[in-house]
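Engineer: Sharing a structure below in structure tokens format, with a few things to ask.
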Amino acid sequence: MSKKQQKKKNDVEEIIAQRDEYLAGWKRSLADLDNYKKQVEKEKEMVVQFLKVNSVSHLLPIVANFEKATTSIPTEIKDSEWMKGVVAIKAQLDELLKKEGLEKIATVGEKFDPSFHEAMLEEESEKEEGTILEELEPGYRIGERVVKYPKVKVAKSPLRRPADEA
């Protein structure tokens, strides 16, 4: 092989090595850009969820009042058009909040979980210790984020007396 051919071969190998280096750099940059886009999207979703939680949390006292009002309607006005209108408005509000992702947190019969429930009372019970016996106030969440913790009564084991052990 002549010097000229050897130089061309070396030049080609150098160009191929440089090409491979550039290609690897572009691939890394593309992967970095893709990761950045995913991170920005995740942060955007977190901001949207935070804003939803913030707005919805201000509506929860209204929802609670509607719930109390519609569950204690006097029988003499239960079938009035006005009362049907109030119940329809409550249903619209419930549907709007459901579309925003608001869910009621399950309580009675569930196992107490401090990340989703707030224990207000304990009561001796034959049920398994830590079982929720009663919901004192409802709780809500959007996704895995708790908007309002439900206040609950939780079962505890009956106290043993020395006479019972004999």
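The values are calculated or read from the model by the stated rules, or taken from the named source; none is laboratory data. This one's a predicted model, so the numbers in the text were calculated from it and none came from an experiment. Cβ atoms come from the backbone with ideal geometry, glycine included; neighbour counts cover every protein chain shown. Surface accessibility is based on the protein's heavy atoms, side chains included, excluding ligands, DNA and RNA. Shrake-Rupley method; radii C 1.70, N 1.55, O 1.52, S 1.80 Å.
Engineer: With respect to the cross-link table entries LYS84/LYS148; LYS90/LYS151; LYS42/LYS68; LYS4/LYS27; LYS98/LYS127; LYS68/LYS99, which display a Cα-Cα separation exceeding 26 Å? If you can, show how the numbers build up before the last one.
Structural biologist: Details: LYS84/LYS148 28 Å; LYS90/LYS151 22 Å; LYS42/LYS68 38 Å; LYS4/LYS27 34 Å; LYS98/LYS127 32 Å; LYS68/LYS99 22 Å.
Pairs exceeding the cut-off: LYS84/LYS148; LYS42/LYS68; LYS4/LYS27; LYS98/LYS127.
Engineer: Between the helical axis of 3-71 and the dominant principal axis of the chain, each derived from Cα atoms, what acute angle in degrees is found, rounded to the nearest 10?
Structural biologist: Between helix and principal axis, roughly 10 degrees.
Engineer: Return the Rg/Rh value of the range 50-127, two decimal places, where both radii are evaluated on C-alpha atoms and Rh is the Kirkwood radius. Numbers along the way, then the final one.
Structural biologist: Details: Rg = 16.4 Å, Rh = 15.3 Å.
Dividing the radius of gyration by the Kirkwood radius yields 1.07.
Engineer: List the aspartates and glutamates whose Cα lies under 20 Å from the Cα of LYS104, skipping any in the same chain that are fewer than 8 positions away.
Structural biologist: Partners within reach: GLU67, ASP94, GLU95, ASP113, GLU118, GLU134, GLU135, GLU137, GLU144.
Engineer: OK, next. Viscosity 1.002 mPa s, temperature 20 °C: what is the translational diffusion coefficient of the chain from Stokes-Einstein with a Kirkwood Rh over Cα pairs, rounded to a whole number of µm²/s? Please report the intermediate quantities before stating the final value.
Structural biologist: Working: Rh = 22.1 Å.
Translational diffusion coefficient: 97 µm²/s.
Engineer: Only bridges with both residues in the chain count here: give the DSSP antiparallel percent, nearest 5.
Structural biologist: Taking every DSSP beta bridge within the chain, about 65 percent pair in antiparallel fashion.
Engineer: Oh, and also: Counting heavy atoms of the protein chains only and a 1.4 Å probe, report the per residue accessible area for the chain as a whole number of Å². Mind dumping the intermediate values first?
Structural biologist: On the way: 12930 Å² over 166 residues.
For the chain, the solvent-accessible area averages 78 Å² per residue.
Engineer: Just to make sure I understand: if all protein chains stay in place, what is the order of LYS99, LYS8 by accessible area at 1.4 Å, largest first?
Structural biologist: Details: LYS99 155, LYS8 125 Å².
These residues rank, largest area first, as LYS99, LYS8.
Engineer: Using just the helices of the chain, give the 222 nm mean residue ellipticity in deg cm²/dmol: DSSP H runs with n ≥ 4 each add -39,500 (n - 2.57), and the total is spread over all residues, rounded to 500.
Structural biologist: -20000 deg cm²/dmol
Engineer: Tell me the carbon and sulfur percent of the accessible area for the range 77-145, rounded to whole percent, probe radius 1.4 Å.
Structural biologist: Details: 2470 of 4770 Å².
Summing carbon and sulfur atoms, their accessible area is 52 percent of the total for the range 77-145.
Engineer: Work out the charge dipole of the chain with +1 on the Cβ of Lys and Arg and -1 on the Cβ of Asp and Glu about the Cα centre, then indicate which of ILE15, LEU33, SER72 is farthest towards its positive end.
Structural biologist: Going by the charge dipole, the pick is ILE15.
Engineer: Express the relative contact order of the range 73-156 as a whole percentage, based on alpha carbon pairs under 8 Å and six or more residues apart in sequence.
Structural biologist: Values: 133 pairs, mean separation 25.2, N = 84.
Once normalised by length, the contact order is 30 percent.
Engineer: Leaving out same-chain residues fewer than 8 places away, which lysines sit with a Cα under 17 Å from that of LYS44?
Structural biologist: By straight Cα distance, LYS44 reaches LYS52.
Engineer: The range 1-55: D in µm²/s via Stokes-Einstein (Kirkwood Rh, Cα pairs, 37 °C, 0.692 mPa s)?
Structural biologist: Approximately 219 µm²/s, per Stokes-Einstein.
Engineer: For GLU122, enumerate residues with amide H under 5 Å from its amide H, sequence gap 5+ or separate chain, H modeled in the peptide plane.
Structural biologist: VAL154
Engineer: From the Cα gyration tensor of the range 98-153, with a ≥ b ≥ c the square roots of its eigenvalues, which class applies: rounded if a/c is under 1.5, or else prolate if a/b is larger than b/c, or else oblate?
Structural biologist: prolate
Engineer: Now for a separate question. Sorting check: for 122-128, 48-54, which peptide has the highest mean count of neighbouring beta carbons within 10 Å, and how do the rest follow? The partial results should precede the final answer.
Structural biologist: Working: 122-128: 12.0, 48-54: 13.6.
So the peptides 122-128, 48-54, ranked by packing, come out 48-54, 122-128.
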